[in-house]
C-alpha cells in the first residue's frame, strides 16, 4: 500500500497472530459453553470436524481450543477415535471442590489486595446483576455471568498460573450445577453467595474475602455431598 509516495508496510504477521488468537478464544468459549450446558453430552465422542461444524468455526482454532480443554481434563483427545467429553463423576467433583478451595482463596485475596476503583464498580454491578438473575431463575444467564466474573477476578489478581489451574475446574463446576440445578431449586441462594464474594473483593477487605470464599466453597461442597448421598 502506498501513501504520499511512501510505502507503508502493515504488520501482517502480527495482525494474523492476533486474529488467530481471537478465533481460538472464540472457539474455546463456544465449545466450553456447549460442554457446560450438556449440548456436548458427558461421555460422548465427537470428531474434530463435527465440533467445528457445531460451533461454526474453522478446524485450526477448534483444534487449539480442544488442546487447551484437554490439558484441564475437560475433554480427552484419543488418536484415531475422536474427542471424548469427560463424564460427570461425583467423586471427581469433590476433588474439584477441594482444589478450588485453595485456588479461589488465592485469586480472590490477591484481587482484593489489587482492586482498583474501576474494578470495584464493575464487581458491584455484576453482584447486583447476579442477584436479579437468581430471583428470575435465569440459569444460563448465571453461568454466562459466572464465566465473565471469574475471568475478571483472575485479571485483577494478576496470577496467570492460578487462573490457568482454575479454568477447567470452573468449567466442570458450572456443568455439574447445570446438570443438577433443576432438582435443587436454589439459584437465588447460589447467586447470593457469589454476589457476596464480589462485594467482599470490591471492599478490599482481605479477611472478609476469605470468609466469602469459604462460604461459597462450603455451599458447593454441601450441595455436591447431598447429590452424592442421593445417587448412592
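The values are calculated or read from the model by the stated rules, or taken from the named source; none is laboratory data. In this text the structure is predicted, and so the values were computed from the model without any measurement. Cβ coordinates were reconstructed from backbone atoms using ideal geometry, including for glycine residues, and neighbour counts include every protein chain displayed.
Of note:
- Against the list (1) exposed (fewer than 15 other Cβ atoms within 10 Å of the Cβ); (2) without any contact (Cβ under 8 Å) to a residue 40 or more places away in the chain; (3) farther than 21 Å from residue 164 by Cβ; (4) touching a strand residue (DSSP E or B) at 6+ places or on another chain (Cβ under 7 Å), the condition residue 77 fails is (3).
- The listed residues are 33, 64, and the only one of them that is over 24 Å from residue 179 (Cβ atoms) and either more than 16 Å from the chain's Cα centre (by Cα) or assigned to a helix (DSSP H, G or I) (or both) turns out to be 64.
- Residue that is assigned by TED's automatic domain parsing to the domain that holds residue 32 and in contact with a helix residue (DSSP H, G or I) (Cβ under 6 Å, 6 or more places away or on another chain), where the choices are 74, 78, 109, 96: 74
- Conditions (1) free of Cβ contacts under 8 Å to residues at least 60 places away in the same chain; (2) more than 25 Å from residue 226 (Cβ to Cβ); number of the one not met by residue 142: (2)
- If you check 210, 201 for being modelled with pLDDT of 95 or more, part of a helix (DSSP H, G or I), in contact with a helix residue (DSSP H, G or I) (Cβ under 7 Å, 6 or more places away or on another chain) and surrounded by fewer than 20 Cβ atoms within 10 Å (Cβ to Cβ), only one passes: 210.
- One residue from 148, 190 being assigned to a helix (DSSP H, G or I) and closer than 21 Å to residue 29 by Cβ: 148
- Matching option when the condition is within 17 Å of residue 175 (Cα to Cα) and either modelled with pLDDT of 95 or more or loosely packed, with under 14 Cβ neighbours inside 10 Å (or both), among 126, 83, 97: 97
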